[in-house]
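Okay, so here's the structure we're looking at.
The values are calculated or read from the model by the stated rules, or taken from the named source; none is laboratory data. Owing to the predicted nature of the structure, the values given are computational and were not obtained by experimental measurement. All Cβ positions, glycine included, derive from the backbone under ideal geometry; neighbour counts span all protein chains shown.
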Amino acid sequence: MISITHFLIVSACIFSLGIYAILAKRNAIMILVGIELIINAAILNFVAFGRYDKIHYGGQVFALFAMVLAAAAVAVGLAIILNVYRHYRTINPDQITDLKD
Amino acid sequence: MLAATPHNTLLYAVIATVCLPLLAFIYQAVKGRSAQTGIPSITAIIGSLLLASYIAVQVWNQPPIHFQYSWFTLGENTFYIGILLNNLTALMLVLVPLIAVPVHIYSTAYMQGDAGIHRYWMYLSLFCFAMLGLLVVDNLLLMYIFWELVGFASYLLIGFWYTRESAVQANKKAFLINRIGDLGFLIGIAIIFSEFGTLDLHALFSENGLLSQMDNLSSTWLTAAGIAFFIGAMAKSAQFPLHVWLPDAMEGPTAVSSLIHAATMVAAGVFLLARIFPLFNEHALLVISIVGTLTACTAACFALAQYDIKKILAYSTISQLGYMMVGVGIGAYDTAIFHLLTHAFFKCLLFLAAGAVIHEMQHLKQHVQGDFDPQDLRNMGGLKRWMPKTAILMGLASLALAGFPLTSGFLSKDALIISTFEWASERGLVYQLIPALLILVSILTAFYSARLIFKAFFGEPRLPYFHGVEKHPVHEPGASMLWPMVFLGICCLFPLFSLNPFSSSHSWILSGLAVPHSFAAIHALHLLIPSMLVTGTVLSITLAWKWYAQDKYPLNAQSALMLAAEKQFYINEFNQRIWVNGILGIAKGAYWLDRHIVDGLVQLFAGCVQYISKVSSWVDTHIVDGLVNGLAALTYWLGNIFRQAQNGKIQSYFLAAFFTLFMGLLYLIFS
């Protein structure tokens, strides 16, 4: 039987993949994908833990909200990336170092 | 002290007499270069003369008049400022302006056109002020102040032509030699003050003064004080061996020389001795007599061999000052003052006449563009043809100097020599040497004054310029030079001093001073001595006539003895070698000591300090600064390391945040 532990393991794997993508990718869109992976890992956790709330389905409801939120965030993120690209003519985060002192 | 009211006019007169030349001095000092006429000086000195005459009439043969005001208090001793007038002061107070007035008038012509004439009048007034002040003051401290002022004014006047190297040397010499004398004076003052506690002349030396009451005073101290004061007088009055400054002082203008030699500078020493006469005991007086005799003899010998007309006169002054010192030394200071007075007139005249001759020789030198010394007797000769009046006046003064009858010099010199004989006859055979030497000196004096006159005015002119020149530049001096000389010439004759031309015993000066002599008068001498002197004088003048006027000079002028006499027996060279070089040697030694020992110590100390400071500097830079710098470097290094984190890459920021969160979680889980 598939226990909650399996869900959590899958979720942790996705989360780790998201972290890896954020840290290691040389493309801002891939970082955005990494962020989406992390959000999805969290949503998976919500859904998994939703089995302990069979009356209100709080987990599932929250997952829907989070998906909408993630879509909005992606839209905002893509807009930022577009503006960054216009400004710097690149979306490689290694080359955008204006935050340096 | 004494009530001053009845004598108030007299007091003001004295102050005015002294201060008139001072005012002239100040006025001319303020006016500076534009005060060239000398009228303030002449007016002041004539005013002084008139007031001094008034004072003399009031004071003469009266009891001494003493004004005194408190000056300042030092501990328990109050010092007074005051004036003491007696017959001695009155005489000198008239004499000084009486000599100074002709000299001033003479100077208007003699110094005409000199570039520094404004300084000349200034110094001359200062000189007169100092001498007049010296005469009237009533205590030794004030006297010392004026004594110094006299010395300083003479220093200025001797070095008047300060662009000449020799004049500068001469006034330096005069000043230094006078310092020796001043030291003696100062030591004398110190002894008097420590013994008596007062410097007041009246309190010390009057008839019932401190000195006559104190018989328990240590005679050693009294002798020491007497000799100290005498050293002061020796330098001022040019006594052997401190006379060396006076011949050199001839570098000053001739009119100044006449003033120095007649009334002001050299008279100060004799006046001092007369003023403090009761101080001298038997020993001090003997020293004074011996030094006086020695001075008279040596100076007369030096005068014989001189060629410079002014130097002959200088040595004759020294010689005559020796006479005066003997007069003081035998206790008959009245004869000394008498001789000082008569000497003042004829010596002043001699110098003024010599000045006239030099003036004309200088004119001749400029006229013919010649190169000769206008003061050298060897360049003169036959001048009486062109300057008969000067010749007569100078001859008259020389006769007075030689002590010829009918002149004033006869009276005073005879009085002095007779007193010396009387003094010596009460003592012993050895003491007879002093009057005998004085007679010899008197004959020598006649000889060298005759030599001067004959060489300068008689015979044939020795310079080629005198032959065949139509319009001769040598002529009689002008009226403003001649009349002062005529006046002094009249004063060289006997009537001014005694109505009897052959005896000084009735002279008003000697009776006015009324000095009680310690020896009995011997009347036989009053005939014997003058006749001896006159015979000697006539013989020596005749000899001089043969030798110099008729040019039958038998001696070798280049002999060693002559040269030695001309060079003052090498006393200057002796002074140079022993004193000057000795002191220079000591100074060099001291310099070496200073250079190598004192400076060496200081430098050693400085070196040590420098070394210590180097060590401390090393410690500072390397240890203290090293610590601070090390700390700073560490901070910098650390900062640099952490700076690396701020690389602007968003992913590394995220990594850091994630890592921190992750570690926090681990901590929460495992703690």
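So A:S11 fits all but one of (1) under 23 Å from B:A657 (Cα atoms); (2) within 14 Å of chain B (Cβ to nearest Cβ); what number is the exception?
Of the numbered conditions (1) under 23 Å from B:A657 (Cα atoms); (2) within 14 Å of chain B (Cβ to nearest Cβ), the odd one out for A:S11 is (2).
So which residues in segment B:353-383 are crowded, with 21+ Cβ neighbours inside 10 Å and among the small types (G, A, S), if there are any at all?
Correct list: B:A353, B:A354, B:G355, B:A356, B:G381.
Enumerate the pairs (first residue in segment A:44-63 and within 21 Å of A:C13 (Cα to Cα); second residue anywhere and of a type in the set (D, E)) with beta-carbon separation below 7 Å, excluding pairs fewer than 6 apart on the same chain, so at least 6 apart or on different chains.
Partner pairs satisfying both residue conditions: A:G59/A:D53.
Quickly run through segment B:169-211 and pick out the residues that are outside any helix (DSSP H, G or I) and at negative phi.
B:T198, B:L199, B:D200, B:S206, B:E207, B:N208, B:G209
State all residues of segment B:74-101 that are within 16 Å of B:L510 (Cα to Cα), without any contact (Cβ under 8 Å) to a residue 40 or more places away in the chain and of a type in the set (S, T, N, Q); if no residue qualifies, say none.
Passing the criteria: only B:N86.
Go through segment B:568-610 residue by residue and tally those that are over 30 Å from B:A300 (Cβ atoms) and of a type in the set (F, W, Y).
Qualifying residue count for the region: 3.
Given the conditions (1) aromatic (F, W, Y); (2) over 30 Å from B:F642 (Cβ atoms); (3) within 14 Å of another protein chain (Cβ to nearest Cβ), which single one is not true for A:Y20?
(2)
Can you tell me which residue within segment B:620-671, out of those that are of a type in the set (D, E, K, R) and within 14 Å of chain A (Cβ to nearest Cβ), is surrounded by the most Cβ atoms within 10 Å (Cβ to Cβ)?
Among them, the one singled out is B:K649.
Those residues that are in a helix (DSSP H, G or I), under 20 Å from B:K347 (Cα atoms) and not β-branched (V, I, T), I need them from segment B:282-310; list them, please.
The answer is B:G292, B:A296, B:C297, B:A299, B:A300, B:C301, B:F302, B:A303, B:L304, B:K310.
Output the number of the condition that A:L32 fails; it satisfies all remaining conditions of (1) away from chain B (no Cβ under 11 Å); (2) without any contact (Cβ under 8 Å) to a residue 24 or more places away in the chain; (3) under 13 Å from the mean Cα position of the chain (by Cα).
It is condition (2) that A:L32 fails.
Being farther than 15 Å from B:I105 by Cβ and of a type in the set (A, V, I, L, M, F, W, C) is the filter here, so list the residues in segment B:346-368 that pass it.
Selection gives B:F346, B:L350, B:A354, B:V357, B:I358, B:M361, B:L364, B:V368.
Suppose we filter segment B:371-413 for residues that are of a type in the set (S, T, Y) and under 27 Å from the mean Cα position of the chain (by Cα); how many remain?
Qualifying residue count for the region: 3.
Can you list residue pairs whose Cβ atoms sit under 6 Å apart, with the first residue in segment B:354-368 being assigned by TED's automatic domain parsing to the domain that holds B:R451 and over 17 Å from B:P253 (Cβ atoms) and the second being in a helix (DSSP H, G or I) and aromatic (F, W, Y)? Count only pairs 6 or more apart in sequence or on different chains.
B:V368/B:Y465
Keeping to segment A:41-97, report how many residues are among the β-branched types (V, I, T) and more than 14 Å from chain B (Cβ to nearest Cβ).
Counting residues in segment A:41-97 that are among the β-branched types (V, I, T) and more than 14 Å from chain B (Cβ to nearest Cβ) gives 7.
If you check A:I9, A:I38, which single one turns out to be surrounded by 13 or more Cβ atoms within 10 Å (Cβ to Cβ), at pLDDT 90 or above and among the hydrophobic types (A, V, I, L, M, F, W, C)?
Result of the check over A:I9, A:I38: A:I38.
Assess whether B:Q603 counts as being surrounded by 10 or more Cβ atoms within 10 Å (Cβ to Cβ) and within 14 Å of chain A (Cβ to nearest Cβ).
On the way: surrounded by 10 or more Cβ atoms within 10 Å (Cβ to Cβ): yes; within 14 Å of chain A (Cβ to nearest Cβ): no.
So B:Q603 fails the test.
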